[in-house]
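The values are calculated or read from the model by the stated rules, or taken from the named source; none is laboratory data. Please read all numbers here as calculations on a predicted model, not as lab measurements. Every residue, glycine as well, gets a Cβ built from its backbone with ideal geometry; the counts of neighbours run over all protein chains shown. Surface accessibility is based on the protein's heavy atoms, side chains included, excluding ligands, DNA and RNA. Shrake-Rupley method; radii C 1.70, N 1.55, O 1.52, S 1.80 Å.
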Amino acid sequence: MAARLYLDHAATTPMLPEAMAAVVEGMAHWANPSSPHGDGRAARAALEEARRRIAAAYGWAYETLLTSGASESLGIAFARSVVDRRLITAVEHDAVLRLGEGAQVLPVTAEGIVQRDALAAALDGAGRTLVCVQWANSETGVRQPIAAIAEVVHGAGGLLLVDAAQMPARADAELLRHADLVAVSAHKRGGPPGIGALLVRDLGVLLPTGGQEKGYRPGTENLPGALGYAAAIAVPEDLAEMARLRTRLEAAIVEAGGETVGAASPRSPLIGAYRMPGVSSAAQLIRFDLAGVAVSAGSACSSGSMRPSHVLTAMGWAEPALREVVRVSFGRSTTEGDVDRFAALWRATFAEARARAA
């Protein structure tokens, strides 16, 4: 029997050996980094070095607040930003939809891109506004034009928060130039779960509540996690190779009669979403899993419910097509052989379904 094939890296990716070793090292620094004695000061020094390395890996030259992950980072940004109102897009991650309950929702085009005119209209005379957009959609991989969005947001005196949980290090200089707040996560990049960061251009836009992390996150710092994150984010990811593999897979799927979601939009090289006409996502996932291949029907936070994708709905997809899409996501370990194996399985599954329907 062939080894299982993991193509769900957008949900989480295997922890790198370098990260595991760094976590173990961090456990040796058992003291509380906030303690004033020598042991605490040694732990603090290690924590601050990890913080510096994480920021440097992203190319971030401003403040870096360590958190438990991207969801908490987003929560701090939503709860503490000094703004009059909040805007989110219709294709944001479930975590943002929950945090932004009651916020105005911006429409997207059929290709998943924020409608710039709608953004400008929503900001007109609205007071200082926090606008939250993704770096790349976790279901489709569609990337937002950060510079163009920032121009509109900043022109109206607003703040731009970017959910960059899916962003590799060194992937987007444009984001670093224009975002005010950026939420990032370790476990998407080969680091341990339970650690992330909020990158902040100016702490003056956030209200502190006291405690650690300069008063923005009370609780003992996760030193092993921070060291694991710093180690993982330093390991390069070959984005050009992942883009080549994604293109190879998409060519095979389209040739066989499938459809690529958001094909005309800029997309992350790590994520692709594909429709198998006439075959439900649930049926596909069962077939693929039995064949030893792990993919998903969307973000890990929502795919378990198998409810219709709010992302595809916002892009104008209707029943039954929006229930016929699965997500494939790539990681450092993905090979051309992996892609060809999945493509062959996709073709065989589609052929079997058409034969049964004939």
- State yes or no: is Gly298 open to solvent by less than 20 Å² (accessible area, probe 1.4 Å) and modelled with pLDDT under 95? yes
- Message: Within region 16-31, does at least one residue satisfy the condition of being among the small types (Gly, Ala, Ser), more than 30 Å from Ala150 (Cβ to Cβ) and in contact with an Asp or Glu (Cβ under 8 Å, 6 or more places away or on another chain)?
- Response: yes
- Yes/no for Ala232 being in contact with a helix residue (DSSP H, G or I) (Cβ under 9 Å, 6 or more places away or on another chain), open to solvent by less than 20 Å² (accessible area, probe 1.4 Å), of a type outside the set (Lys, Arg) and closer than 18 Å to Leu74 by Cα: no
- Task: Determine whether Thr209 is modelled with pLDDT under 95, of a type in the set (Ser, Thr, Tyr) and in a loop (DSSP other than H, G, I, E, B).
- Result: yes
- Task: Test Gly292 against the stated conditions and say whether it is over 29 Å from Leu106 (Cα atoms), in contact with a Ser or Thr (Cβ under 6 Å, 6 or more places away or on another chain) and not basic (Lys, Arg).
- Result: no
- When you go through (1) modelled with pLDDT under 95; (2) open to solvent by 10 Å² or more (accessible area, probe 1.4 Å); (3) in contact with a strand residue (DSSP E or B) (Cβ under 9 Å, 6 or more places away or on another chain); (4) of a type outside the set (A, V, I, L, M, F, W, C) one by one for Glu319, which number turns out not to apply? (3)
- Query: Going through region 132-162 one residue at a time, which ones are of a type outside the set (A, V, I, L, M, F, W, C) and either farther than 17 Å from Val205 by Cα or assigned to a helix (DSSP H, G or I) (or both)?
  - Reply: Gln134, Asn137, Ser138, Glu139, Thr140, Gly141, Arg143, Gln144, Pro145, Glu151, His154, Gly155
- Query: Does any residue in region 184-206 that is open to solvent by 10 Å² or more (accessible area, probe 1.4 Å) come within less than 6 Å, Cβ to Cβ, of a residue that is among the acidic types (Asp, Glu) six or more places away or on a different chain, and which pairs are these?
  - Reply: Arg201/Asp180; Leu203/Glu63
- Query: Which one of the conditions (1) in contact with a helix residue (DSSP H, G or I) (Cβ under 7 Å, 6 or more places away or on another chain); (2) open to solvent by 10 Å² or more (accessible area, probe 1.4 Å) does Cys132 fail to meet, given that it meets all the rest?
  - Reply: (2)
- Task: Go through region 95-108 and give me each residue that's open to solvent by 50 Å² or more (accessible area, probe 1.4 Å) and at pLDDT 95 or above.
- Result: Val105, Pro107
- Message: What's the number of the only condition in (1) open to solvent by less than 50 Å² (accessible area, probe 1.4 Å); (2) at pLDDT 95 or above; (3) not in a loop (DSSP other than H, G, I, E, B) that Ala121 fails to meet?
- Response: (1)
- Note on the structure: Taking region 241-288 and keeping only residues that are farther than 25 Å from Thr13 by Cα, free of Cβ contacts under 8 Å to residues at least 12 places away in the same chain and either surrounded by 15 or more Cβ atoms within 10 Å (Cβ to Cβ) or in contact with a strand residue (DSSP E or B) (Cβ under 7 Å, 6 or more places away or on another chain) (or both), one is left with Val254
- Item | Residue match in region 232-249 (condition: over 17 Å from the mean Cα position of the chain (by Cα), of a type in the set (A, V, I, L, M, F, W, C) and under 18 Å from Ala297 (Cα atoms)) | yes
- Does Leu119 fit the bill of being over 26 Å from Gly196 (Cα atoms), aliphatic (A, V, I, L, M) and free of Cβ contacts under 8 Å to residues at least 40 places away in the same chain? yes
- Task: Among the numbered conditions (1) at pLDDT 95 or above; (2) touching a helix residue (DSSP H, G or I) at 6+ places or on another chain (Cβ under 9 Å); (3) surrounded by fewer than 19 Cβ atoms within 10 Å (Cβ to Cβ), tell me where Ser34 comes up short.
- Result: (1)
- Message: Tell me yes or no: at least one residue of region 233-248 is farther than 30 Å from Ala147 by Cβ and either among the charged types (D, E, K, R) or modelled with pLDDT of 95 or more (or both).
- Response: no
- Query: Of all residues in region 163-193, which are in a helix (DSSP H, G or I) and hydrophobic (A, V, I, L, M, F, W, C)?
  - Reply: Ala173, Leu175, Leu176
- Note on the structure: Taking region 330-341 and keeping residues of a type outside the set (Ser, Thr, Tyr), touching a residue at least 60 places away in the same chain (Cβ under 8 Å) and within 21 Å of Gly190 (Cβ to Cβ) leaves Phe330, Gly331, Arg332, Glu336, Asp338, Val339
